[in-house]
Amino acid sequence: MTHDVIVVGLGAMGSAALYHLARRDVRVLGIERFEPGHERGSSHGRTRIIRHGYFEHPSYVPLVRRAAAMWRELEAASGGSLMTVTGIAEIGKPDSVLVSGTLAAAREHRLPHEVISAPELTRRYPAFRLPSDYVAVMQPDAGFVEAEAGIRAHLRLAVAAGADMRTSEPVISVEQIGERVRVRTERKIYEAGVVIVAAGAWATSLVPELSLPLVVTRQVLLWVRPDQPELFRTGWFPVFMIESEVGIHYGFPMLDDGLLKIAKHHHDREVVDPDSYDRTVSAADEETITGPLFRMLPAASGPVMAAKTCLYTMAPDEDFVIDRVPGRERIVIASPCSGHGFKFAPAIGQALADLALTGRTAVDLRRFRLSRFARSAG
């Protein structure tokens, strides 16, 4: 059987694309090198922050607004809870990248927010102990998305709508031959009219002709049992990000397992091979996260109960890559997410379906075009 579209990679973006294509009665096949929900890529760890005042750039705000509405639509369609609104505290010195960037986005898009001092933040949330010159940008509409549950919902609804799916089937190559594309896996060869490559850390090996300047970095996630759990309960404590002299740390309210998830954004920027990197978490890894964070959040101090690694696939400018491959327009690439993409999955999945079927989309993807790499090289 031939297909109209093949989606390679069924993580956050691929699963969403599969769902939106299947809803349009397209003959679509999704192929995943592992099993959905696996821990070898970038889409696991139970939760991901969703935030509207986007410090990376204000142009992301309309896309995250669209995605938030679509997470609610997916909840309604799947019958499960996928997004929890907790508010967010984005903390640092007034001139820090995190605080200044968040305020720029919030002001440009007139997002509800307030700026409070470190002492006021501690009065509201006694878990924090911050330098006196820090401030917090508080936004009420942020929270977190259930990561694996979101992928499962997209895939389950896609299959129910008629999508085909192959798992534990690594893709070896993707090529365009005339008006068709051919996808070769370890098991067989598939053909379609269009292929979407949403393979994350494996994207460059599948579209080598692009010579994209991407790197894969190893990240670490920790779950600790806090000394004062009553200070971190969901429904009261916000998700948070703190920029200090050693980078940005982040964390979540305590969930029903009694554990607090914490991490450092860009853990140590160690470039790795996704097929052979060290997935064990060392004492040094733990200290990179807990050392700075426990000084600012002492009530979180407690034993590490679980630890996992994940991957960021990074572009030099830390933006996404979403475009049709020049000269091979039947291949659409949707990687990387540069460590901050999960929250956008429903909206990007819809845009990928548009690109695959019509070559265009109403979603503004100009920031993510491949042509920016040619400009930077010149």
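Please treat every number below as a calculation from the coordinates, not as lab data. Quick caveat: nothing in here was measured; it's all calculated off a predicted structure. Please note: Cβ atoms are built from the backbone with ideal geometry, for glycine as well, and neighbour counts cover all protein chains shown.
Once the chain from R269 to A69 is taken as fully extended at 0.36 nm per residue, the excess over their C-alpha distance is 68.7 nm.
Of all the options I31, I189, I262, the one that moves most in a Gaussian network model of the chain with Cα springs shorter than 10 angstrom is I189. In the chain the longest region clear of trypsin sites (Lys or Arg not before Pro) that are loop-assigned by DSSP and have at most 11 other C-beta atoms within 10 Å covers 189-359. Amide H contacts under 5 Å for L10: R33, restricted to partners 5 or more places along the chain or on a different chain, H placed in the peptide plane at 1.01 Å from N. The distance linking region 251-282 with region 70-146 is 21 Å (Cα centroid to Cα centroid, whole angstrom). With the simple spin-label model, which puts each label point 7 Å out from Cα in the Cβ direction, the E120 to E175 separation comes to 6.3 nm.
Computed 3J(HN,Hα) for region 106-117, one whole-Hz value per residue from the Karplus formula 6.51 cos²θ - 1.76 cosθ + 1.60 where θ = phi - 60°, is 5, 6, 4, 9, 6, 7, x, 6, 9, 10, 10, 6, glycine and proline marked x.
Taking Cα atoms only, the orientation of helix 61-78 departs from the longest principal axis of the chain by about 80 degrees.
Among Q350, V85, Y134, which residue has its Cα furthest toward the positive end of the charge dipole of the chain, with +1 on Lys/Arg Cβ and -1 on Asp/Glu Cβ? It is Q350, whose Cα lies furthest towards the positive end. Working from label points 7 Å from Cα in the Cα-to-Cβ sense, the T234 to E148 distance is 1.4 nm.
Per-residue Karplus couplings for region 129-141, computed as 6.51 cos²θ - 1.76 cosθ + 1.60 with θ equal to phi - 60°, are listed in order as 9, 10, x, 5, 8, 7, 10, 10, 8, 9, 10, x, 9 Hz, Gly and Pro entered as x.
So what's the angle, to the nearest 10 degrees on a 0 to 90 scale, between helix 283-296 and the longest Cα principal axis of the chain? Helix 283-296 and the main axis of the chain meet at about 50 degrees.
Annotation: lysines with alpha-carbon distance below 28 angstrom to K264 (same-chain offsets under eight excluded): K93, K308, K343. Note on the chain: with a GNM built from Cα contacts shorter than 10 Å, the maximum mean-square fluctuation among L355, L210, L293 falls on L210. Computed from backbone phi, the HN-Hα couplings of region 36-52 come to x, x, 5, 10, 9, x, 10, 10, 10, x, 6, 10, 9, 5, 10, 9, 9 Hz, rounded to whole numbers (Karplus: 6.51 cos²θ - 1.76 cosθ + 1.60, θ = phi - 60°; Gly and Pro given as x).
Beta-bridge orientation, the chain: approximately 75 percent antiparallel, per DSSP, counting only bridges with both partners inside. Seen against the Cα atoms of the chain and their longest principal axis, helix 12-22 is set at about 50 degrees. Between G41 and any residue 5 or more places off or on another chain, the built amide H atoms are never under 5 Å apart. About the centre of its Cα atoms, region 315-378 shows a dipole size close to 180 debye [charges on the beta carbon of Lys, Arg (+1) and Asp, Glu (-1) only; nearest 20 debye].
Separation of region 150-189 and region 339-378, taken as the distance between their Cα centroids, equals 20 angstrom. Shown here: Cα extents along the principal axes in Å, derived from the displayed model; of the candidates [x] 69, 57, 47; [y] 64, 46, 41; [z] 58, 51, 35, it corresponds to [y].
Listed by chain and number, the aspartates and glutamates whose C-alpha is less than 12 Å from the C-alpha of K188, apart from same-chain residues fewer than 8 away, are E169. Pull up all non-local amide H partners of A89: gap of 5 or more, or a different chain, and H-to-H distance under 5 Å with H placed in the peptide plane. Distant-sequence amide H within range of A89: V239, F240, M241. Distance between the modelled labels on A77 and I189, one decimal in nanometres: 3.4 nm (7 Å Cα→Cβ projection).
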